[in-house]
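Inspection log for the structure reproduced underneath, given as structure tokens.
The values are calculated or read from the model by the stated rules, or taken from the named source; none is laboratory data. This is a predicted model, so every value here is computed, not measured. Note that we place each Cβ from the backbone using ideal geometry, even for glycine, and neighbour counts take in every protein chain shown. In case anyone asks, the SASA skips ligands and DNA or RNA and just uses the protein heavy atoms, side chains included. Shrake-Rupley method; radii C 1.70, N 1.55, O 1.52, S 1.80 Å.
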Amino acid sequence: MAMAIRLSEDAEPTVRTELMEQIPPIAIFLQENRSNFPLVLSEYLIPVVVRYLTDPNDQVRKSSQEVLLILLEQDLIFQHDIENKVCPILLALSAPDSDDDCKAEAVSVICRLASLLSKSTVERLLLPRFCELCGDGKLFQVRKVCATNFGDICHAVGQEATEKFLIPKFFELCSDNVWGMRKACAECFMAVSYNTSPEGRRTKLSPLFIRLISDPCRWVRQAAFQSLGPFISTFANPSRAGLCIREDGSLSIRPPAQGAASGSACGSPTAGSCGSASTACSTKPVPMEPHATMDGPPTEASDVLRVRNSCDGPRENPLEESVLAGAGLARLSPEANAFLKCPDVNSLPLHSLPGSGSPACLGRPEDVFSDFLYWRAPLPDISGDLELLLGEAGPQDVGGGRPGPVHSGRVARSEIQKVLDSLQEHMMGDPDVQAQVQVLSAALSAAQLDSVDEPERKATEGPNEASGSGPSAADRQPAPPASAPHRERSTASVSRSTNPGEPCSGTRDLAETEEQRRDPTPLEENRSKLQDVIPQPLLDEYVSMTDPARAQSVDTDIAKHCAYSLPGVALTLGRQNWHCLKDTYETLASDVQWKVRRTLAFSIHELAVILGDQLTAADLVPIFNGFLKDLDEVRIGVLKHLYDFLKLLHEDKRREYLYQLQEFVVTDNSRNWRFRYELAEQLILILELYHPSDVYDYLMHIALKLCADKVSEVRWISFRLVVAILQKFYSNSESALGLNFINELIVRFRHCSKWVGRQAFAFICQAVVSEECIPVDQFVEHLLPSLVSLASDPVPNVRVLLAKALRQTLLEKAYFRNAGHPHLEVVEETVLALQSDRDQDVSFFATLEPKRRNLTATTALGKRG
């Protein structure tokens, strides 16, 4: 150690650097002999490492930093030395008045050190300095290092300290003037979100992320879109998705009892979305409390539209439901409130007033918090135009007199059309404007329906017009027929109440529900895109990643990033919200870039687990069929997980792929032997999914074709497939099919004119005995005579495999070790003949005892041919 100290003081930097490289093995030696050298490392070597952190030579400093991290990873430094020797020097190097180069290096070491220390040590010693460095206004390199490692620091200190100290600093870095800082923040956004509470993730980080996505710098937007899918995945709640991730990383379905607390009985958090089940049950709106979800988000627009499954009869109050729908739609766009606002309570009949707990009239929409309105960009104000329209068409609905002339309705329709025309040019890239267009289209259709029904309305109003004390005009408006689209019914019922004297027929309501199910309208489709698992703007931005304009303005690989993270987003939303991603998935599956389709092909089996068998059969199977006919670069993704996907299908659907499996043998490039190798591996697994007769009719022929492949690696794995097929036949008591297959093997391989085929027969027989896949008596009767006859084969490589099969496998079985077995003498005579073979390798393996055999030499010699 005294010599090491003298070397550490050498003036030559290369000597000091070499000394640093020798310290880790010396430290390991001292650790293994701690009883003899308990304090040598702490008293002699640690001070040298710490002193070199301030060495004037760059190479020496970098070497000492690496050595320090290695010692910490190996847990070779005492906690006392970390707090009293290592941390003080790092804090001094990162002080505001320290050298700029040393400060940047010290920050990097602090960030890497944080993941190796305990939470209390990091929070007590390093966190204050890290927060101070995040606001370093002198060197942007220091802030860049802090932003790059921000996620690691959050993970080291935990959720409480992250939200209390780090989130404010993260907001500052996301607003930094240097675009590299904002890009680094976007890249580590998922790690920061992972260490934040669900409420903070939803209310704080989500608006911040939307701001990064719309950053003026293209590189920042590019990094943000790449992190969008991972960030969305941090909103995942296993109790709502119905799935969980096991320790080995595989997806598993949660038991129903564990997922019961996730919400409604049908498993869907939104109206009209009950997974893949299609029932004729009516829906009844129920009041929803804020923070009712598992992760405690605030009430959203979809919370207002949430429904409860009610199969006990028709809707009790159609007016209440229509007003509820209007209130939910109003949150899509504040400018549409004029068409969808709740009727005045004083103008409604007494019996139609909703109860105090009803969500029908929740006050002004702007008084109810809405995440959608909170995040979206402001829209041009068109409320003045809408008020003008209502001023012309409104008296017909809310006044007490007769409806106005027909030409007034025509004027209203023409004005609505003008507003629609003005919005058309803005609707391509803005979902908010699209929502406005759909609402105005609904109003226009309702106005057209009113003009068509005008003669009927006049004919039915006769007796009521003469009575001045009768029901008001709003009460006298007849309900639209059941055959009208739901879009028109919902709009009309918001502006007019139902006739109090006309009973609400349950039969008519059920007919309307059935008509709504058969004929979805654009308004309903827009409503179906809503969900409450993640903030809606995040989902809108994610769906927009398939827009070709994004590839031009952000990144040409943006569709690939979207495809890569789609299973995680689908897991987060749950299968009940698959309709939000279905169109996006279909767009990606037809993308012109093969690498996008390849990414989907590699993950389609995981998505099938997430969606379940019904949605898989309806939405994924067609795409899966398309991938089967795609390029080899795409087909390999399907092939690698072919078993995982097929096992999720119903038996009848699975049988449809038996014939298509033969297409995998043909590839675009015959040199792509790994494709055929993967096919053989998958077929070994797929055997359990099919009946033995199907295996005999379809898969057996594929296996025999692969056994004759030009590439030896493909042939060797195919021999394993042949053995698995034999085991399939005999384990299912299909001895007739097994015997036919054995005869086919004898004809194709034992009597093959090429020595490679005869060698394959010896290998197959050895594997059959080793795996014990058929009864031993069947082997002795049908395979052993042909196997023993190979002893006179002229090719040594064939006799080598025969010697290994007889000496190292067959004679090891207890059946053959019985002294009275009639075939034992034949086998022993064959082995004695092989021991005196003229070829040294044959005699070696025929003489070698099984317990003394060298596995490495055996494998090398077995593949030498």
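Considering only the other residues whose Cβ falls under 14 Å of the Cβ of Ser731, what net charge follows from Lys and Arg at +1 and Asp and Glu at -1? Walk me through the numbers before you get to the answer.
Values: positive: Lys728; negative: Glu688, Glu734, Glu771, Glu772.
Taking every other residue near Ser731 into account, the sum is -3.
For Leu832 and Thr847 in one chain, what is 0.36 nm times their gap in residues minus the Cα-Cα distance, to one decimal in nm?
Working: separation 15, 0.36 × 15 = 5.40 nm, distance 0.85 nm.
Stretched out fully, the Leu832 to Thr847 stretch lengthens by 4.6 nm.
Positive end of the charge dipole of the range 1-176 (Lys, Arg +1 and Asp, Glu -1 on Cβ, about the Cα centre): tell me which of Leu19, Ile153, Tyr52 has its Cα farthest that way.
So the residue we want is Ile153.
What are the semi-axes of the equivalent ellipsoid of the range 1-176, taken as the square roots of 5 times the eigenvalues of the Cα gyration tensor, listed largest first and rounded to whole Å? Spell out each step's value before the answer.
Details: eigenvalues 192, 74, 25 Å².
The equivalent ellipsoid of the range 1-176 has semi-axes of 31, 19, 11 Å.
Probe radius 1.4 Å, ligands and nucleic acids ignored: give me the carbon and sulfur share of the accessible area of the range 18-111 as a rounded percent. Present the calculation step by step, with values, prior to reporting the outcome.
On the way: 2340 of 4480 Å².
Looking at the range 18-111 in its full context, I get 52 percent from C and S.
How much length is gained on full extension from Val15 to Gln840, taking 0.36 nm per residue of separation minus their Cα-Cα distance?
Working: separation 825, 0.36 × 825 = 297.00 nm, distance 5.57 nm.
Stretched fully, the Val15-Gln840 segment lengthens by 291.4 nm.
What's the FRET efficiency of Asn33 with Asp632 using the Cβ-Cβ distance as r and R₀ = 60 Å, to the nearest 0.05? Could you put the intermediate results ahead of the total?
On the way: r = 57 Å, r/R0 = 0.95.
Approximately 0.60, to the nearest 0.05.
So which trypsin sites (Lys or Arg not before Pro) in the range 133-231 end up in coil per DSSP with only 12 or fewer other C-beta atoms within 10 Å? Could you put the intermediate results ahead of the total?
Working: sites: Lys138, Arg143, Lys144, Lys164, Lys169, Arg182, Lys183, Arg201, Arg202, Lys204, Arg211, Arg218, Arg221; in loops: Lys138.
Here the sparse-neighbourhood loop sites are Lys138.
Assuming 0.36 nm per residue, please report the length gained on full extension of the stretch Glu586 to His650 beyond their Cα-Cα distance.
On the way: separation 64, 0.36 × 64 = 23.04 nm, distance 2.24 nm.
Answer, rounded to one decimal: 20.8 nm.
Can you work out the Karplus-derived ³J(HN,Hα) for every residue in the range 206-221? Use 6.51 cos²θ - 1.76 cosθ + 1.60 with θ = phi - 60°, whole Hz, and x for glycine or proline.
Listing the rounded values in order: 5, x, 5, 5, 4, 5, 5, 5, 9, 5, x, 8, 5, 5, 5, 4 Hz.
When Lys and Arg each count +1 and Asp and Glu each count -1, what net charge do the other residues less than 10 Å away from Val634, Cβ to Cβ, add up to?
Numbers: positive: Lys595, Arg597, Arg598, Lys629, Arg635; negative: Asp630, Asp632, Glu633.
Overall, the nearby charge balance is +2.
Convert each backbone phi in the range 122-132 into a coupling constant with the Karplus relation 6.51 cos²θ - 1.76 cosθ + 1.60 (shift: θ = phi - 60°), then list the ³J(HN,Hα) values in order as whole Hz, x for Gly and Pro.
Karplus values, whole Hz, x for Gly and Pro: 5, 5, 7, 9, 9, 4, x, 5, 4, 5, 5.
How large is the accessible surface per residue of the range 1-118, computed with a 1.4 Å probe and reported in Å² as a whole number?
51 Å²
Just read off the accessible area of Glu187 with the full protein assembly in place, 1.4 Å probe, to the nearest 10 Å².
100 Å²
Counting only the heavy atoms of the protein chains, how much of Val666 is accessible to a 1.4 Å probe, in Å² to the nearest 10?
100 Å²
What's the local net charge at Met545, with K and R +1, D and E -1, over the other residues with C-beta under 12 Å away?
Numbers: positive: Arg221, Arg550, Lys560; negative: Asp540, Glu541, Asp547, Asp555, Asp557, Asp591.
Neighbourhood net charge equals -3.
Given a cut-off of 25 Å, name the pairs among Lys640/Lys813; Lys560/Lys640; Lys62/Lys144; Lys183/Lys640; Lys705/Lys754; Lys103/Lys183 whose C-alpha atoms lie farther apart than that in the structure shown. The partial results should precede the final answer.
Details: Lys640/Lys813 36 Å; Lys560/Lys640 19 Å; Lys62/Lys144 19 Å; Lys183/Lys640 35 Å; Lys705/Lys754 16 Å; Lys103/Lys183 22 Å.
Cα-Cα > 25 Å for Lys640/Lys813; Lys183/Lys640; rest within.
How about the range 647-752: which chymotrypsin sites (Phe, Trp or Tyr not before Pro) there are in a DSSP loop, with at most 12 other Cβ atoms within 10 Å of their Cβ?
Tyr659
Going from most exposed to least, what order do Ser565, Ser115 have by accessible area with a 1.4 Å probe? Could the numbers behind the result be given before it?
On the way: Ser565 15, Ser115 80 Å².
The residues order as Ser115, Ser565, largest area first.
For Asn743 and Lys710, what does the FRET efficiency come to when R0 = 25 Å and r is the distance between their Cβ atoms, rounded to the nearest 0.05? Intermediate values should be presented prior to the final figure.
Details: r = 26 Å, r/R0 = 1.02.
The formula returns an efficiency of 0.45 here.
Looking at the range 530-636, which trypsin sites (Lys or Arg not before Pro) are in a loop (DSSP not H, G, I, E or B) and have at most 10 other Cβ atoms within 10 Å? Could the numbers behind the result be given before it?
Details: sites: Arg550, Lys560, Arg575, Lys582, Lys595, Arg597, Arg598, Lys629, Arg635; in loops: Lys629.
Sparse-neighbourhood loop trypsin sites (Lys or Arg not before Pro): Lys629.
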